[in-house]
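The values are calculated or read from the model by the stated rules, or taken from the named source; none is laboratory data. All figures in this text were calculated on a predicted structure; none of them were measured in a lab. All Cβ positions, even for glycine, are placed from backbone atoms using ideal geometry, and neighbour counts span all protein chains on display. Accessible surface is based on the protein model in full, side chains and every heavy atom, while ligands, DNA and RNA are left aside. Shrake-Rupley method; radii C 1.70, N 1.55, O 1.52, S 1.80 Å.
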Amino acid sequence: MTLSELSLRNAKRQAADYLVYFVTIIMAAALLYAFNGLVFSGEIRELYSMMSSLPMAIVPASIVVVCIFGWLVSYAANFMLTRRSRELGTYILIGLENRQVARLFFLENLAVGGCALVLGLLIGNLLFQALRAMILALFEMPYVFSLAVSLPAAGLTLAYFLLIYLLALYKSRKRIREMKIYDLIYFDRQNEEAVIRTGRNRRRMFALSIVFGIVGTFLLMIGNLLLGIIGAGCVIFFLYGFFLTFASGVPAFFEKHPAGKYRGQNLLVFRTLTAKLGTMGMVMATISLLLTATLIALGTGLVFRGIFDGRAAEHACFDLYIGAGEKGRPVDQACLDYIEGNILVEQSLTYEVRLNENNGVRQYLDDCGIEYFYTYRQDPVIRYSDYAALRAVAGYPAAKMEPGQYLIHCIPYLSEPLEDFRQPITAGGRMLVPGGVYTEHLIQRYAADNGQGYILVVPDEAAAGCDLLHHAYAAKTARPVGEEQVEELFGISNRIAERERGDTYDSDDYDTVYANVYEEKTAAYMTALTVLPLYYLALALTMTAATILTIQQLGESRHYRRQFALLDKMGMDAGEMAKALRTQFAIYYAMPAVPPLLIGIPFILNLAKQPEPEIMVGLSSPAAIVAIALGVFFLVYAVYIGVAYISLKKNVLPER
């Protein structure tokens, strides 16, 4: 048998022995190809002018993913070298040279990677279609299935894979060429060296790592960049300190609670786990770090999605809206002239937003402890006739107001406390009693819009006695206002502001321009630019962490088989053995997942509370975001757990 034939045979056997690793490498190639396809897709770039910057987000994310998968391949190659060291040493004993054995190991792993790449490109094409459909759905564009290979995307994926495999396998090849026969044959008996050797120091480090974990989590939630970096360092110290010292903590616990040592399968389960953790503490810490980053990436992506969707929904309630920025200044006539000449308007309204002489509603919200951002102390008001016309422009049903009443229009976040506000108010010297509360989107987030969080709707004659805040314009158009038209309106407003106000020009001086289609496309673009790369990273991190855990567990199947065969001969019941295996298996996979939950959940909850409260509602509420992030996290993780458990149970437990 030639060296090439032997390499091919071993490659086939290797793929069978490490099926989970092989499948993960296939999915890695598929992920890389799919996102590279987005980079080179002309169709995606044409959806929106700013989509040309999408590669600036995808490529850096891909570089991080390549590094993650590079570590996975390097770890797997080293693990395979450890598991097969006796076999490779035997080849040297029968006459092969070290360089030949190194070449054999290099070629068979390269063959596995090559097969995974080919299959990954095929699956990646389907995955690209899924990503393409998602992005088209974001922009509300029709999707038509079209299977075609992107040669630039395939070429870039090939370059990534060559970089991953050649660097990872070069290290293993160099090690084999330099190792002696004895070292190679007994390579599988080497364990991770203890970083902290004495039991007392280990216990101290264990306690110190817990303190660092708590401090680091709080620092991450403060929101300051420098403190966040320090917090991340504390979290990393916690994870590595925890897993490097945990193995010594279990015996110490049972020394204080000796009765628990012999209860059920405790002795078997924890003795096996502590032995395993004692030899792979660094790996467990790294896996836990990857899972922490996964959960944070998922939660951050969901928070960003909630922000983009919430803001777009609030800003997109009118086909076209212009709010004058400078107090008392009307909407620029040049903008109105451009609209008349270039946009077909079906219904329009130029109106005023004013400020009441008192602040009864604002004071009530302050007294209720409602957290919201306000830039002025008085209550904003609008004439009822303007409000009725504004609702018609937005397509909302009519709102009836009886004589002597006032209405409140507010964001949903403020609706509950304001429905309880039943006090009369004075506007323009007139006493008014409360009417209804309405909560449709009405652009109520900034001072230049229709109130800030809320606005009072008062009779026309009452509003006439209030101070003017700003003018605004809203229109219903026959066709969606295009991106170029919105940009032109922005340009007109900017040029007028610069020309008329010169050195005193401020960004708040130009008109605010919103158009529903433009706002929806901007939200879709921001989602594609930030959320997709975060999900990309999260999936790569989860796959890498779960794969390493799984190949470690399945790699010990022979050891477990001998262990349970001995227990079988000693008379242990089959049900007891199955229960012991399940318990051991569950703790093994739960160990690296628990610290990420303790760090990630508070971080995500805190992050989801930072944006404007009115947009983080429904599926974007903090609790919902945490639930969705955990659901996606455990869904991917559970697939690996299920595959590993079924395989291990089949190969380990004795047949009866």
From (1) charged (D, E, K, R); (2) under 30 Å from residue 532 (Cβ atoms); (3) in a helix (DSSP H, G or I), pick out the condition that doesn't hold for residue 140.
(3)
Output the number of residues of segment 127-148 satisfying the condition of being loosely packed, with under 14 Cβ neighbours inside 10 Å and either farther than 23 Å from residue 520 by Cβ or in contact with a Gly (Cβ under 9 Å, 6 or more places away or on another chain) (or both).
4
As an exercise: evaluate residue 358 against (1) closer than 17 Å to residue 613 by Cβ; (2) in a loop (DSSP other than H, G, I, E, B); (3) not aliphatic (A, V, I, L, M) and give the number of the one condition it does not meet.
(1)
Would you mind stating whether residue 481 is open to solvent by less than 50 Å² (accessible area, probe 1.4 Å) and touching a residue at least 24 places away in the same chain (Cβ under 8 Å)?
yes
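Each row is one residue, and each column tells you yes or no for (1) open to solvent by less than 30 Å² (accessible area, probe 1.4 Å); (2) part of a strand (DSSP E or B); (3) assigned by TED's automatic domain parsing to the domain that holds residue 476.
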{"site": "382", "(1), (2), (3)": "yes, yes, yes"}
{"site": "385", "(1), (2), (3)": "no, no, yes"}
{"site": "391", "(1), (2), (3)": "yes, no, yes"}
{"site": "402", "(1), (2), (3)": "no, no, yes"}
{"site": "406", "(1), (2), (3)": "yes, yes, yes"}
{"site": "409", "(1), (2), (3)": "yes, yes, yes"}
{"site": "434", "(1), (2), (3)": "yes, yes, yes"}
{"site": "440", "(1), (2), (3)": "no, no, yes"}
{"site": "445", "(1), (2), (3)": "yes, no, yes"}
Counting only residues that are small (Gly, Ala, Ser) and modelled with pLDDT of 75 or more, which one in segment 230-253 is surrounded by the fewest Cβ atoms within 10 Å (Cβ to Cβ)?
233
For segment 339-353, indicate whether the set of residues that are within 19 Å of residue 406 (Cβ to Cβ), assigned by TED's automatic domain parsing to the domain that holds residue 386 and either free of Cβ contacts under 8 Å to residues at least 24 places away in the same chain or not hydroxyl-bearing (Ser, Thr, Tyr) (or both) is non-empty.
yes
Residue list for segment 550-591, restricted to those being touching a Phe, Trp or Tyr at 6+ places or on another chain (Cβ under 7 Å) and not polar (S, T, N, Q)
551, 555, 577, 585
Just one of 364, 376, 338 is open to solvent by 30 Å² or more (accessible area, probe 1.4 Å), within 24 Å of residue 468 (Cα to Cα), of a type in the set (Phe, Trp, Tyr) and in a helix (DSSP H, G or I); which is it?
364
Could you check segment 537-656 for helices (runs of 4 or more DSSP H) lying wholly inside it with 3 or more residues that are at pLDDT below 80?
557-569, 574-590, 622-652
Tally time: how many residues in segment 37-74 are in a helix (DSSP H, G or I), of a type outside the set (Asp, Glu), open to solvent by 10 Å² or more (accessible area, probe 1.4 Å) and within 26 Å of residue 484 (Cβ to Cβ)?
11
Just one listed residue, out of 346, 352, is surrounded by fewer than 18 Cβ atoms within 10 Å (Cβ to Cβ) and among the charged types (D, E, K, R), and it is 346
